[in-house]
1. Take the Cβ-Cβ distance between residue 175 and residue 143 as r, set R0 to 35 Å, and report the resulting FRET efficiency rounded to the nearest 0.05.
2. If I stretch the segment between residue 560 and residue 127 completely, what's the gain in nm (0.36 nm per residue apart, minus their alpha carbon distance), one decimal?
3. Here are some pairs, 411/523; 158/178; 411/506; which of them have Cα atoms lying more than 27 Å apart in this structure?
4. Taking a quarter of the surface of the convex hull around the Cα atoms of segment 6-135, what do you get in nm²?
5. Note the angle between two axes, namely the Cα long axis of helix 16-31 and the longest principal axis of the Cα atoms of the chain, as a number of degrees from 0 to 90, rounded to the nearest 10.
6. Ignoring the sites themselves, what is the longest stretch of the chain with no GluC sites (Glu not before Pro) in a DSSP loop and at most 11 other beta-carbon atoms within 10 Å?
7. What full-extension length gain, to one decimal in nm, is calculated for residue 544 and residue 523 as 0.36 nm per residue of separation minus the Cα-Cα distance?
8. Residues of segment 383-405 with the amide nitrogen closer than 17 Å to a label point 7 Å from the Cα of residue 230, along Cα-to-Cβ, please.
Amino acid sequence: MSQLTFPEFEYQRPDLDRLETAFNQVLEELKTAETVNDAVAAVEQIDAIRASVATAYNIGYIRYSINTKDEFYREEKDWFDNHLPRTEQWRVDYYRVLLDNPHRAALEAHFGQQLFDSATLSINTFRPEILAELQEVNKLSSEFTQLRGGAEIEVDGKTYNLSSITPLEQVADREKRKEASTAKWNWFADNRQRLEDIYAEMVKLRTTMAHKLDYDNYVGLGYANMNRTDYGPEEVANFRRQVREYIVPVAQRLYERQRERIGVERLHYYDLSFRFPDGNPKPTGSPAEIVAHADRMYQELSQETGDFFRVLQDRKLMDLEAKDGKAPGGYCTFVNEHQAPYIFSNFNGTSHDIDVLTHEFGHAFQVYSSRDQRPMEYNWPTFDAAEIHSMSMEFFTYPWMEGFFGADTEKYYYSHLAGAFRFLPYGCAVDEFQHHVYENPDLDNAGRNAIWKRMEAAYLPHLDYSDNDHLQAGTFWQSQGHIFSVPFYYIDYCLAQICAFQFLLKDEKDHASAWADYVKLCKAGGSQSFLELVKLAGLENPFEDGVVKKIADRVGERLFG
């Protein structure tokens, strides 16, 4: 395994013509393999070719994210946007040969059923006829990232971006946080037309792709793209119903308690991020001190996590602090040929810095734990299962929070647990919004905003935008990047949160057993489907009636006890 540091990783634009020729040669070998061993070897060679493309893409994407103003990596990102969709044909051709292979039964025994279930679902997600639409969607997604990454928001003569303005929205002075929040939303209002037009074009392009692939609308194609092999829209709709029935009422009690606690007559949008009258919990140390305590925390949590955090530090596989030109948000990705996870975030001096460090570390620990899984599809599970690792890690690290928050530790525990619980209605609102949008693709911008207003009424009735015309129009969804770039990737957080709450409860009861189940889940990677992985970890299926209510009751007891 490479021990190079990330700055030492060589970037080279892949020669897709040469790689395609090599890919097709190996594909022919897979098709005509005389023995199972020959077929397995061909699959491994195909993995290596695909991994080389993924490696180049991820190195370039990380460096572009770190500095969206870097002309070289911006051009490389544009090149991938235009050319990477071509490799979708490789994947579909490979899956067809795999499914029709005379050694299929033996290959299933060797690699497991999940690869073949995924292949069956995925062969209907691409044909050459949709290549132009994929390229256009990629370009629009990059424009969206560029637009947000370049945001300049002026408050009191200083300029902030969408990440660095967050602390100003959490100050105790209500007028100051209103000023900061209003300034942020004014940026969205100023860019509203372009944001709405980008999304409208994305919906149109995705709908066109769905029709070309013989789907009624993009919902079916979206679920297939998310590789959901063991549940569909009906199960998700039933899950959302249970969240409305059991979670929303408890969340509303939490908002009412917050209103009383901070002493306001009504909670306005600029009050929502302000949780306590003496201020929100904040990390006490510098970014370097935070990382140093994280090192101690992971050393003490387990041998595996301690060793891995040292790998992240020694190989410079993290970029954590907000800076000019950096893309907003946080993520973890995996540079295949170096077997190296990478954590990207934007520290801004709020408790979110710690949430991101534990959340993205959970992702990174999982993919590092399953880095040797083959085929490469098994390095990561589907997003729904992947979020179990990240959200559960936030809970497993609770015993070390005092080192980050000092006197604010108890406030952090309450704020984090309440925030995780209150997220569920919002996550479901985002998901149902997308279903309505793609089931009604001919709606105009105003129609989509009206859908969001309905979602707010159903899931988030506490919201008060009465003194902000922009938000009152139903535009809040335009700040949610997943809606633009990764359709239907949001309910995954909700499903995983229900599972993570179960890990919290198990950990309180028996840490050794809970941790063993967690590590087992991480090592399994994507070798099983979502519901199979849930079962493997000893968790209850979040779709089953009664599970959401059980979580609402038990977590509610902690929040109101």
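1. Working: r = 35 Å, r/R0 = 1.00.
It comes to 0.50.
2. On the way: separation 433, 0.36 × 433 = 155.88 nm, distance 5.31 nm.
Full-extension gain reported as 150.6 nm.
3. Details: 411/523 34 Å; 158/178 16 Å; 411/506 23 Å.
Too far apart for the 27 Å limit: 411/523.
4. Its Cα hull, projected and averaged over all orientations, spans 9.0 nm².
5. Helix 16-31 sits roughly 60 degrees off the main axis of the chain.
6. Details: sites that count: 10, 34, 152, 265.
Result, exposed sites excluded: 266-561.
7. On the way: separation 21, 0.36 × 21 = 7.56 nm, distance 2.56 nm.
The residue 544-residue 523 span can extend by a further 5.0 nm.
8. In segment 383-405, the label zone of residue 230 (backbone N under 17 Å from the point 7 Å along Cα→Cβ) covers 383-389.
Computed from the coordinates by the stated procedures, all read-outs in this text should not be read as laboratory data. Computed from a predicted model, the values in this text were never measured in an experiment. Glycine also receives a Cβ, built like all others from the backbone with ideal geometry; neighbour counts cover every protein chain displayed.
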